[in-house]
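Chemist: Shown below is the structure under consideration.
The values are calculated or read from the model by the stated rules, or taken from the named source; none is laboratory data. Note that this is a predicted model, so its numbers are computed, not measured. Positions of Cβ are backbone-derived with ideal geometry, glycine not excepted, and every protein chain shown enters the neighbour counts. These accessible areas exclude ligands, DNA and RNA; they are computed on the full protein's heavy atoms, side chains included. Shrake-Rupley method; radii C 1.70, N 1.55, O 1.52, S 1.80 Å.
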Amino acid sequence: MNKVCVLGSINMDLVVKVNEIPRIGETILSKSFEKIAGGKGANQAIAARRCGAEVSMIAKIGKDENGKILKSKLEEDKISTECVFEDEKEATGMAFIMVNESGNNSIVVVSGSNMAINEEEIDTSIQKIKEADIVIAQFETAEEMTLKVFKKAKELGKVTILNPAPAKKINDELLKVTDIIVPNETEAEVLTGVTVNNLDEANEAGKVFLEKGVKFVVITLGSKGAAVIGKDFCELVPAYKVKAIDTTAAGDSFIGGLSSKLDFKNINKENLIDAVSFGNKVSSIAVQRKGAQPSIPYLKEVKEVYGDY
């Protein structure tokens, strides 16, 4: 059983269903509204846990009802919340999500307490990093705190996985302590300047990350699958063809699934591709369901659909 520690966001998602995402200045009517537990960090933690990993979270919520609800959701999945801190001033993070008829979405995140996690709280969380095999982070918490966590993780011999979302310029120092980076095609373009529409372009973008010290690159390509890139290889791991209803937690489900199956002791082309293939299975089930955390499947459900592996 892999032990995974996630530094990341916990958000309350406010989800509206629409026929089409509105254009600038356009007013539309929504079909429905739901309040659903989310946040990239929490979603990835839950995906890893439901796929069989032992999981802890380093995060921050506000002293409000949303925070209490979201923390309890993690605990229902038996995720360690010892290092989920409370902020005295900032409210729990929120995300406003529009989902269209095709299942595609548009998201605005109000970070709130997610960005308030500080060095003292990271220091308090060192034991969780020591206990982990794999440490995951995204960009819905402060990059300075991610760098601090990843540096400590590497000192302790842990595998680090960075999901650079929302995409922004990355400190090269952080890339040097990142083992695996997992952007989607849009994020890869923002970070490397390379437009990614196919495998060759994914390889070109991947090399930019490798040159900056990242060991492996996994670029998710939506319905095409994922490009897995290393020093001397680039392969496409095809996606599973399904009818998507809501893609909100697709990438998070993929990363959580990947981390639960990764052979962290000896990462190479073969076992990374196996882990990515499993991540594709997990996300293919998630996109056929509504919402973020409610859509994330359990290991037994993945086995029921795809059999043992």
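Chemist: With Glu82, Glu75, Glu90 as the choices, which residue is farther than 26 Å from Asn184 by Cα, outside any loop (DSSP other than H, G, I, E, B), touching a residue at least 12 places away in the same chain (Cβ under 8 Å) and out of contact with any Phe, Trp or Tyr (no Cβ under 7 Å at 6 or more places or on another chain)?
Modeler: The match here is Glu82.
Chemist: Additional query: Among the residues of segment 209-238, which ones are among the small types (Gly, Ala, Ser) and not in a loop (DSSP other than H, G, I, E, B)?
Modeler: Matches in segment 209-238: Gly222, Ser223, Gly225, Ala226, Ala227, Gly230.
Chemist: Now for a different question. Count, please, the residues in segment 36-58 that happen to be surrounded by fewer than 23 Cβ atoms within 10 Å (Cβ to Cβ) and over 27 Å from Glu304 (Cα atoms).
Modeler: 0
Chemist: Starting from segment 265-277, take each residue that is surrounded by 11 or more Cβ atoms within 10 Å (Cβ to Cβ) and list its partners that are of a type in the set (D, E, K, R), counting only C-beta distances under 6 angstrom and pairs at least six apart or across chains.
Modeler: Asn271/Asp263; Ala275/Lys261
Chemist: Applying the selection to segment 109-119, what residues are under 16 Å from the mean Cα position of the chain (by Cα) and either loosely packed, with under 14 Cβ neighbours inside 10 Å or part of a strand (DSSP E or B) (or both)?
Modeler: Of everything in segment 109-119, just one residue is under 16 Å from the mean Cα position of the chain (by Cα) and either loosely packed, with under 14 Cβ neighbours inside 10 Å or part of a strand (DSSP E or B) (or both), namely Val109.
Chemist: Determine which member of the set Gly230, Gly257, Gly225 is under 20 Å from Gln44 (Cα atoms), free of Cβ contacts under 8 Å to residues at least 60 places away in the same chain, open to solvent by less than 40 Å² (accessible area, probe 1.4 Å) and touching a Phe, Trp or Tyr at 6+ places or on another chain (Cβ under 9 Å).
Modeler: After applying the criteria, what remains is Gly225.
Chemist: Output the number of residues of segment 233-246 satisfying the condition of being modelled with pLDDT under 95 and crowded, with 20+ Cβ neighbours inside 10 Å.
Modeler: 2
Chemist: Moving to a separate point now. Can you name the residue in segment 16-33 that is hydrophobic (A, V, I, L, M, F, W, C) and surrounded by 12 or more Cβ atoms within 10 Å (Cβ to Cβ) and, of all such residues, is farthest from the chain's Cα centre (by Cα)?
Modeler: Once the filter is applied, the top-ranked residue is Ile28.
Chemist: Filter segment 87-98 down to residues that are touching a strand residue (DSSP E or B) at 6+ places or on another chain (Cβ under 6 Å) and open to solvent by 60 Å² or more (accessible area, probe 1.4 Å) and give me whichever is modelled with the lowest pLDDT.
Modeler: Phe96
Chemist: Checking the structure you have, find out if any residue of segment 177-185 is surrounded by 23 or more Cβ atoms within 10 Å (Cβ to Cβ), touching a residue at least 40 places away in the same chain (Cβ under 8 Å), of a type outside the set (S, T, N, Q) and under 14 Å from Ile58 (Cα atoms).
Modeler: Checked segment 177-185: no residue is surrounded by 23 or more Cβ atoms within 10 Å (Cβ to Cβ), touching a residue at least 40 places away in the same chain (Cβ under 8 Å), of a type outside the set (S, T, N, Q) and under 14 Å from Ile58 (Cα atoms).
Chemist: Oh, and also: Being assigned to a loop (DSSP other than H, G, I, E, B), small (Gly, Ala, Ser) and in contact with a helix residue (DSSP H, G or I) (Cβ under 6 Å, 6 or more places away or on another chain) is the filter here; which residues of segment 239-257 pass it?
Modeler: Answer for segment 239-257, where residues must be assigned to a loop (DSSP other than H, G, I, E, B), small (Gly, Ala, Ser) and in contact with a helix residue (DSSP H, G or I) (Cβ under 6 Å, 6 or more places away or on another chain): Ala239, Ala249.
Chemist: Could I ask something else about it? Taking segment 227-242 only, how many residues are of a type in the set (A, V, I, L, M, F, W, C) and more than 19 Å from the chain's Cα centre (by Cα)?
Modeler: Residues in segment 227-242 being of a type in the set (A, V, I, L, M, F, W, C) and more than 19 Å from the chain's Cα centre (by Cα): 4 in total.
Chemist: Next up: List pairs: first residue in segment 140-163 and surrounded by fewer than 18 Cβ atoms within 10 Å (Cβ to Cβ), second residue in a loop (DSSP other than H, G, I, E, B) anywhere in the structure, Cβ distance under 6 angstrom, at least six positions apart or on different chains.
Modeler: Close Cβ pairs satisfying both conditions: Lys151/Val177; Lys154/Val177.
Chemist: Then there's this: Among the candidates Ile61, Ile69, which residue alone is open to solvent by 20 Å² or more (accessible area, probe 1.4 Å), under 27 Å from Ala250 (Cβ atoms) and over 17 Å from the mean Cα position of the chain (by Cα)?
Modeler: Sole residue among the options that is open to solvent by 20 Å² or more (accessible area, probe 1.4 Å), under 27 Å from Ala250 (Cβ atoms) and over 17 Å from the mean Cα position of the chain (by Cα): Ile69.
Chemist: Could we say that Glu101 is surrounded by fewer than 17 Cβ atoms within 10 Å (Cβ to Cβ), modelled with pLDDT of 95 or more and charged (D, E, K, R) here?
Modeler: Considered against the rule, which asks whether it is surrounded by fewer than 17 Cβ atoms within 10 Å (Cβ to Cβ), modelled with pLDDT of 95 or more and charged (D, E, K, R), Glu101 comes out as no.
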